[in-house]
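First comes the structure, then the notes that go with it.
The values are calculated or read from the model by the stated rules, or taken from the named source; none is laboratory data. These numbers were taken from a predicted model, which means no experiment stands behind them. Neighbour counts are summed over all protein chains in view; Cβ atoms, including those assigned to glycine, are modelled from backbone coordinates with ideal geometry.
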Amino acid sequence: MAERVCVSSKHAIAETIEGEAIIIHLGTGAYYSLRDAGADIWAGIEQAATRTEIVDWLQERYEGSREEMDAAALRVIEQLLGEGLVEEASGDGPRSQPLPAGSARKPFSAPILEKHTDMQDLILIDPVHEVEARGWPYAAADSGG
Amino acid sequence: MDGKPLVSVMIGVYNGSAYLGEAIESVLAQSHRPLELIVVDDGSDDGSGSIARAYGEPVRCITQERGGMAAARNRAVGEAGGDYFAFLDADDRFRPHKIERQLSFFASDPALDAVFGHVTEFLSPDLDDAARSRLRRPVDDMPWPTPNLMLVKRDSFFKVGLFSTELKVGIGLDWYARAMEAGLKTVVPVIVVLERRLHADNNGIRQSEQRPQYLHVLKASLDRRRRAQA
């Protein structure tokens, strides 16, 4: 597995709202949630940070062993890869900035990637996808028609 | 049942004069009667209101200051007297048996709250080839559980509530999410009930920066469901 992954710009849109990362897969209409340490891992992925950097940041923010955090980060990243939400990043990429450390370290618990499929039919047809600067319903430049 | 139920169809329109007539005609062509059609002219300055007013009964036109799609639909709801509600965008068309076929599902399952259906999209015929080539491919016969094509019982609609006027996009997604949270019993039959027009100017969805509103709608729904479970 690559050292770094980044958000799939073709398949995923995401925003972290009140500490929860909400991610939509534009191709399937499924949506996902990552909270707590999961949202921190996602923030690292958004900056194409290496797993080592991500675990460094988790160490600053949470109480727990490096081994369990590394295993948890690896698991989330593999799940995100499996869902097609992130892809392997090549090259050095942009130099990532550390996440702001929390005021006090919280106990670490392994994050869970929640997957929801209850809105698929709506998300697939709604103009949430294929919106570019010109706006829906223009075809996305990379959609191949 | 004593006679057939009254169905209120509601259209909110903002500067939709190009296609509003077709939308209205598709309602008047419904095989079901009785129905009323409430058009809310949401501050148009292109004559949309005059188009609607020219029809007369069973079409009623209400004019209001520009409030957005949700506000226009909500205004129409306040005027609706039907036993069932349906909503239509001013650039789309119902299939002629839409209401009749959806009503038949309520007849066979009185516990149903709302009936959805499938949508077929079409490229607006007024587009030239260059404009067509830039638009995405229309979907053909896809399930679409959205207020844009539902038929919902009046009481069930109010159990969910009005459309959110805080959203520019994701209004239907938000309403559907709240309907699911409220436990509405729904069905998405495999019948095409709506023809959705793709054109250069579809409903307000012109800004890519509005995409995150969908994420906020989903976040709000997750929060509500978690609170309900707690």
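Among the candidates B:TRP144, B:TRP175, the residue that is touching a strand residue (DSSP E or B) at 6+ places or on another chain (Cβ under 9 Å), within 21 Å of B:LEU215 (Cβ to Cβ) and within 14 Å of chain A (Cβ to nearest Cβ) is uniquely B:TRP144.
Apart from one condition, B:ARG137 fits all of (1) of a type in the set (Lys, Arg); (2) in contact (Cβ under 8 Å) with a residue 60 or more places away in the chain; (3) at the interface with chain A (Cβ under 10 Å from one of its Cβ atoms); the exception is (2).
Of the residues making up segment B:203-228, those that are more than 8 Å from every other protein chain (Cβ to nearest Cβ), surrounded by fewer than 19 Cβ atoms within 10 Å (Cβ to Cβ) and either assigned to a loop (DSSP other than H, G, I, E, B) or modelled with pLDDT under 90 (or both) are B:GLY204, B:GLU209. Would it be correct to say that A:ASP126 is within 14 Å of another protein chain (Cβ to nearest Cβ) and at pLDDT below 80? Considered against the rule, which asks whether it is within 14 Å of another protein chain (Cβ to nearest Cβ) and at pLDDT below 80, A:ASP126 comes out as yes.
Do the conditions hold for A:ARG61, that is, is it under 24 Å from A:ARG105 (Cα atoms) and among the basic types (Lys, Arg)? In short, yes.
Let's see how each residue does on (1) surrounded by 12 or more Cβ atoms within 10 Å (Cβ to Cβ); (2) at pLDDT 80 or above; (3) within 14 Å of another protein chain (Cβ to nearest Cβ):
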{"site": "A:GLN79", "(1), (2), (3)": "yes, yes, no"}
{"site": "A:GLY82", "(1), (2), (3)": "no, yes, no"}
{"site": "A:SER90", "(1), (2), (3)": "no, no, no"}
{"site": "A:SER103", "(1), (2), (3)": "no, no, no"}
{"site": "A:PRO111", "(1), (2), (3)": "yes, yes, no"}
{"site": "A:HIS116", "(1), (2), (3)": "yes, yes, yes"}
{"site": "A:GLN120", "(1), (2), (3)": "yes, yes, yes"}
{"site": "A:ALA133", "(1), (2), (3)": "no, no, yes"}
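Among the residues of segment B:6-48, those that are among the polar types (S, T, N, Q) and under 25 Å from B:LEU127 (Cβ atoms) comprise B:ASN15, B:SER17, B:SER26, B:SER44, B:SER48. No other residue among A:GLY29, A:GLY19, A:GLY38 is in contact with a helix residue (DSSP H, G or I) (Cβ under 9 Å, 6 or more places away or on another chain), surrounded by fewer than 18 Cβ atoms within 10 Å (Cβ to Cβ) and within 14 Å of chain B (Cβ to nearest Cβ) apart from A:GLY19. For segment A:71-86, a tally of residues being within 19 Å of A:CYS6 (Cβ to Cβ), part of a helix (DSSP H, G or I) and either in contact (Cβ under 8 Å) with a residue 12 or more places away in the chain or of a type in the set (S, T, N, Q) (or both) returns 10. Among all positions in segment B:192-202, there is at least one residue which is crowded, with 20+ Cβ neighbours inside 10 Å, within 13 Å of another protein chain (Cβ to nearest Cβ) and modelled with pLDDT under 90. Only one of the listed residues (B:ARG60, B:ARG53, B:ARG33) is under 27 Å from B:LEU103 (Cα atoms), among the basic types (Lys, Arg) and touching an Asp or Glu at 6+ places or on another chain (Cβ under 9 Å). That residue is B:ARG60.
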